[in-house]
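Scroll down for the structure; my scribbles are underneath it.
The values are calculated or read from the model by the stated rules, or taken from the named source; none is laboratory data. Note that the structure is predicted; figures quoted are calculated from it, not measured. Virtual Cβ from ideal backbone geometry, glycine too; neighbours counted across all protein chains shown. Heads up: the accessible areas ignore ligands, DNA and RNA and are worked out on the full protein's heavy atoms, side chains in. Shrake-Rupley method; radii C 1.70, N 1.55, O 1.52, S 1.80 Å.
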Amino acid sequence: MKKILSIFILTLLLSLEWFAYTQHNIQSANFIAQKWIINDNSVSPLEYNLDFKITRREMLKVMMNLSGDSVTDTCVWAFSDISSSDWGCKYAEAALTQWYIAGNDTFRPDDNVTQIEALKMTIQAIGMERDSNDDWRAGYVSKAQSEDIVDTGYFNYDLNATRGWIFSSAARSYSDFTYETPETNLDP
């Protein structure tokens, strides 16, 4: 009986933690949608696809919108693996023009973005410099943690970023963003 009760309590606590995490990501997504960074799906938050991985194409759209830098509607086709008619081409070329990404022959638009790549793009987009460190990754993490863009503690450089994680990091880069605790009324 004690094992069943312990499992039930653990399941309940994990469910509450997942609920709070999801609510924070929805609040983050709604916030940056109001800033015109992403499409507004506040009426149907499931359409944010918060647990989905994000591609390089999608991340550059977030990055360029977060930066406020202009993005032209034309594309001269600077990368061999993304056509000029692809909606992401203009964001890739704008990021290349701003030196946010390297001028390689290929862009790899459908590759997933890791958390460290997304964090680097976010820090660059908001005009911050990374902290000084021999390891560029540690410099971006240190800066993001000191600015409360990401939580302090362990950071896995190679973990693929989810849309929810990126939306949360982007929202936290704004000084006027705060999480609102959902009201719970347990009174009968």
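Whenever you get a sec, compute what percent of the accessible area on the stretch 50-138 sits on carbon and sulfur atoms (1.4 Å probe).
45
Given the whole protein assembly as supplied and a 1.4 Å probe, what does the accessible area of Tyr91 come to in Å², nearest 10?
Its accessible surface works out to 30 Å², give or take rounding.
Order Ile126, Ile32 by their accessible area, 1.4 angstrom probe, all chains in place, largest first.
So the residues, ranked largest to smallest area, are Ile126, Ile32.
Using R₀ = 35 Å, calculate the FRET efficiency as 1/(1 + (r/R₀)^6) where r is the Cβ-Cβ separation of Ser83 and Thr178; round to 0.05.
My answer for the efficiency is 0.25.
How would Asp111, Asp86, Asp51 line up by accessible area, probe 1.4 Å, largest first?
Most to least solvent-accessible, the answer reads Asp51, Asp111, Asp86.
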